Structures are given as C-alpha cells and as structure tokens.
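Please read the structure below before turning to the comments.
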Amino acid sequence: MSEWQQLVPSDLLPAEVKTRNSNNNLDVALFNGRYYLAFRTAPTHFASRKTKMYIVSSADLQTWQFEQEIEHGYDLREPRFLVHDGKLFFYYFEGGKNPFGFEPRHVWMKEYQPATGWKASHNIGLDGFVPWRFRTRNDTIYLSAYYGKNLYSAGHQADLRLFTSTNGYQWNPLTDHAQCIAENAEEGEFIFDKQGNLWGTVRLESQGALIVTADHDDLGNWCTNSTKYKYDSALMFAQGDDIYVVSRRNVDGEMGKAPEKLGQNTKEKYNLIRYWLTTKKTALFKLNKDNMELEHLLDFPSTGDTAFPGIAQIDERTFLLLNYSSNIQDKNRNWFSGQVGKTYIYWTILKLDGS
C-alpha cells in the first residue's frame, strides 16, 4: 500500500462541499478516465435530517471537481456507482430522521451522461429495500438488496434477494423466492468469478455471517456456510482467480459471546451491546473457496467507527481503495465512541501480487 491520505475533509475538496463531523458511507468508480467519489456527511453516524451526500470527481486524486449535492431532509446512505452501457449510474437510499431507528423509505438513482451531465433523481420502485451491491454479468445488471423495514423488531422476516435490470431503471426480482431468509440477513455482498459463478457474504446482525455461493446456471439458489464471525460493510473484489473481501473486523472475536444461561432474546441484546463497545478494524480477507471461509490477511489503519470501503481497479493488479475511520493517528477506540465522534475518509493505492 501507499501511505493512507486524508481526503474528507481536506483542502483538496471544492468549496461547494460542506462537511460535518461524520463522513462515512462512500463509493468510488472510474469512468471515462475520472474517479467519481460519493460520500455521506452528517452530524453523527446515526440518522439525521441534516444528512447530505456529495459527488466529486478527479482525474489525478489531487484536483477535485464538484458534481452534485443531494439533500432530501431525511437520512441518506449506501451510495453506489454503476458503469453500464457507456453511462454512469448512481444509487442511494433514503432513510428516516430518527437517530434511534432504521427506516428505509425509497431507493433513488441518478444517471450521468458525458454529453448532458446529471439527470434528476429517479425512484426505482424498491421502497423499503436497502441496496447493497451492483454487478454486471453479460448484458444484465444484478442488484443485491434486503428488506429493511422493521429490521430490529421481533418477528422480522428477512428478505434478501437479487434483482435484475438491463437499463438501470426497471428492476425485477431474479426469482419468486428470496435468496436468503436467515434471521436478520443483511448486506448481501456478492461477485461473479470468471466462470460466472456467484460468491458472497451475508451479515447476520446478532449472530455472525454466511459465506454463500451459487452456480452460474442457478444464481437464484444459494449454498451457504455459517460463521460466528461478523463481516460488516463487506466489499468483494477480484484479482485473477482470487477473491478478496474488505470488511469491518471485530477485534473481540466471534459475535456470540453471551452466557448460555441467558434466554435467546437476552443473548442477542448482550451480543449487540458487547459488539458496540469493542474495538473494530477495517481488514483485508481472502476467500477460501474450498472451505467457504474468509482468511484474515491484514488490518488497515483504522479505529473507532470504521469500514465502508469503496474500490476502483486501475490495472490488473492495482486498485484505488477508500475507507472511512475515526482519526487513524489516534489511539484505538471502541465502535460506539467513534459513531458519535468525528470520522474521516482516507485513500491508498493497493497493489496485489498475482498467484
């Protein structure tokens, strides 16, 4: 890696960008020789009507141009770029205003064309769903999304599924059934290998995670392997036949550490509170396809509230990687203290040796 450099906030950003304390959810894309970066800025990590999203672009990572400011009077999260058919698409979801609630409302998109610029935001009709990742295979776009309304309520029925589109505007479910109905299944990250097979991860909020795969001829039916380790904000990328994951790592270890004598509901609350009050790192993992497990390779400079990475491939082995974190020059702090404090966006150039 090159040395991690702070971009948000910094003097490199255009004057139109007005950042607040919390700078986190982000994505990046390389389109027509320019890097496009989107990020959320708000008073804290938690939902706020004061949230804004900014899109900026640069050809050299040093001189940044203002593209868009997005504000709805509601929380905004999960920025996602998609390059398809010579166009750049940008997606995000609108949440609520309650800092103690998770209230997904609408999924929006904006299209950018070099000749005409950015179009107005368009509701893609997936109200209540939270978009997680867009991938293309042949001429089809795939979107993983999970139904987020009442996510933390008793009896919530998970509905994590793939949607497909050919134009970026109209979306249809891949199958009649959800791809994952495990309790509290969220953040369905996925990628296609060279043969078109699907590999992915699913976060299970109070339990850990699933590692998933599906055959290229049957993408709607996922095979799963459960793990007690939780992988928040997972981002998958490939180099050759190898698949890597950048994700939040719980330094405390396995998710489920509640005493056995506790009831199931109490166990889940215990695990979530413990998770909130322990140290996190943004880490690099490699997918072991044979045993469907993630192998920890290294931790990136990170502490406190951290891990919502974005990546853009520069050449066969070189990637631009961005991530957010509490101040990486400070001592380690727990996740909750970072969520109510300041967070920053950093970048590095990551180079991988081929196998």
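The values are calculated or read from the model by the stated rules, or taken from the named source; none is laboratory data. Quantities reported herein were computed from a predicted structural model and do not represent experimental measurements. Backbone-built Cβ (ideal geometry, glycine too); neighbour counts: all protein chains shown.
Restricting to the range 163-173, name every residue that is assigned to a strand (DSSP E or B) and either more than 12 Å from Leu126 (Cβ to Cβ) or modelled with pLDDT under 95 (or both).
Of the range 163-173, the ones assigned to a strand (DSSP E or B) are 163-165, 172-173.
The answer is Thr164, and nothing else.
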Being in a helix (DSSP H, G or I) and either at pLDDT 95 or above or not acidic (Asp, Glu) (or both) narrows Leu272, Leu284, Leu294, Leu298 down to just Leu272
Residue count, the range 225-244, condition polar (S, T, N, Q) and touching a Ser or Thr at 6+ places or on another chain (Cβ under 8 Å), comes to 1
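Residue by residue, here is whether (1) in contact with an Asp or Glu (Cβ under 8 Å, 6 or more places away or on another chain); (2) free of Cβ contacts under 8 Å to residues at least 24 places away in the same chain; (3) more than 21 Å from Pro79 (Cα to Cα) holds:
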| residue | (1), (2), (3) |
| --- | --- |
| Asp252 | no, no, yes |
| Gly263 | no, yes, yes |
| Glu295 | no, yes, yes |
| Phe300 | no, no, yes |
| Leu322 | no, no, no |
| Tyr346 | no, no, no |
For the range 66-94, pairs from a residue that is over 19 Å from Pro114 (Cβ atoms) to a residue that is surrounded by fewer than 17 Cβ atoms within 10 Å (Cβ to Cβ), with Cβ under 7 Å and 6 or more apart or across chains, are Glu69/Glu16; Gly73/Arg49; Tyr74/Arg49; Tyr74/Gly96; Tyr74/Lys97; Asp75/Gly96; Asp75/Lys97
Result of the Cβ filter at 6 Å on the range 132-151, keeping first residues that are at negative phi and partners that are among the charged types (D, E, K, R) and assigned to a strand (DSSP E or B), at least 6 apart or interchain, is Trp132/Glu187; Arg133/Glu189; Phe134/Arg80; Tyr142/Arg135; Ser144/Arg133; Tyr146/Glu186
Within the range 301-323, residues within 16 Å of the chain's Cα centre (by Cα), assigned to a strand (DSSP E or B) and not hydrophobic (A, V, I, L, M, F, W, C) come out as Gly310, Asn323
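Tally time: how many residues in the range 328-338 are part of a helix (DSSP H, G or I) and in contact with a helix residue (DSSP H, G or I) (Cβ under 8 Å, 6 or more places away or on another chain)? Give the steps one after another, and end with the answer.
The first filter runs over the range 328-338 and keeps only residues part of a helix (DSSP H, G or I), leaving 335-338.
Filter once more, keeping what is in contact with a helix residue (DSSP H, G or I) (Cβ under 8 Å, 6 or more places away or on another chain): 335-336.
Of the residues in that region, 2 qualify.
For Leu235, indicate whether it is within 19 Å of Ala145 (Cα to Cα), part of a loop (DSSP other than H, G, I, E, B), aliphatic (A, V, I, L, M) and at pLDDT 95 or above.
On the way: within 19 Å of Ala145 (Cα to Cα): yes; part of a loop (DSSP other than H, G, I, E, B): no; aliphatic (A, V, I, L, M): yes; at pLDDT 95 or above: yes.
Taking the combined requirement at face value, the residue does not satisfy it.
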**Message:** Taking the criterion of being surrounded by fewer than 22 Cβ atoms within 10 Å (Cβ to Cβ), of a type in the set (Val, Ile, Thr) and farther than 24 Å from Tyr35 by Cβ, would at least one residue in the range 275-296 satisfy it?
**Reply:** yes
Counting only residues in the range 174-189 that are out of contact with any strand residue (DSSP E or B) (no Cβ under 7 Å at 6 or more places or on another chain) and modelled with pLDDT of 95 or more, the one surrounded by the fewest Cβ atoms within 10 Å (Cβ to Cβ) is identified as Asp176
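Hey, can you tell me all the residues within the range 208-230 that are within 22 Å of Val251 (Cβ to Cβ) and touching a residue at least 60 places away in the same chain (Cβ under 8 Å)? Working first, answer last.
From the range 208-230, those within 22 Å of Val251 (Cβ to Cβ) are 208-211, 226-230; that's our starting set.
Scanning the range 208-230 gives Ile211, Thr227, Tyr229.
Going by what's in this entry, would Thr51 be described as closer than 21 Å to Ala234 by Cα, polar (S, T, N, Q), crowded, with 21+ Cβ neighbours inside 10 Å and touching a Phe, Trp or Tyr at 6+ places or on another chain (Cβ under 8 Å)?
Numbers: closer than 21 Å to Ala234 by Cα: no; polar (S, T, N, Q): yes; crowded, with 21+ Cβ neighbours inside 10 Å: yes; touching a Phe, Trp or Tyr at 6+ places or on another chain (Cβ under 8 Å): yes.
Spelling it out, it is not the case that Thr51 is closer than 21 Å to Ala234 by Cα, polar (S, T, N, Q), crowded, with 21+ Cβ neighbours inside 10 Å and touching a Phe, Trp or Tyr at 6+ places or on another chain (Cβ under 8 Å).
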ask   = Taking Gly256, is it of a type in the set (Gly, Ala, Ser), within 24 Å of Asp159 (Cβ to Cβ), free of Cβ contacts under 8 Å to residues at least 60 places away in the same chain and surrounded by 21 or more Cβ atoms within 10 Å (Cβ to Cβ)?
value = no
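Any chance you could count how many residues in the range 99-118 are surrounded by fewer than 17 Cβ atoms within 10 Å (Cβ to Cβ) and modelled with pLDDT under 95? Let's see the steps before the verdict.
If we filter the range 99-118 for residues that are surrounded by fewer than 17 Cβ atoms within 10 Å (Cβ to Cβ), which is where we start, we get 99-101, 113-118.
Then keep just the ones that are modelled with pLDDT under 95; that gives 99-101, 113-117.
The number of residues fulfilling the criteria is 8.
Out of curiosity, is Glu67 touching a Lys or Arg at 6+ places or on another chain (Cβ under 9 Å) and of a type in the set (Asp, Glu)?
On the way: touching a Lys or Arg at 6+ places or on another chain (Cβ under 9 Å): no; of a type in the set (Asp, Glu): yes.
Here the answer is no, as Glu67 does not meet what is asked.
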Check on Phe192, touching a strand residue (DSSP E or B) at 6+ places or on another chain (Cβ under 9 Å), aromatic (Phe, Trp, Tyr), surrounded by fewer than 22 Cβ atoms within 10 Å (Cβ to Cβ) and without any contact (Cβ under 8 Å) to a residue 60 or more places away in the chain: yes
Exercise. Would you call Asn25 of a type in the set (S, T, N, Q) and either surrounded by 22 or more Cβ atoms within 10 Å (Cβ to Cβ) or closer than 24 Å to Gln5 by Cβ (or both)?
Worked result: yes
(1) at pLDDT 95 or above; (2) over 19 Å from Asn25 (Cβ atoms); (3) not in a strand (DSSP E or B) all hold for His156 apart from (1)
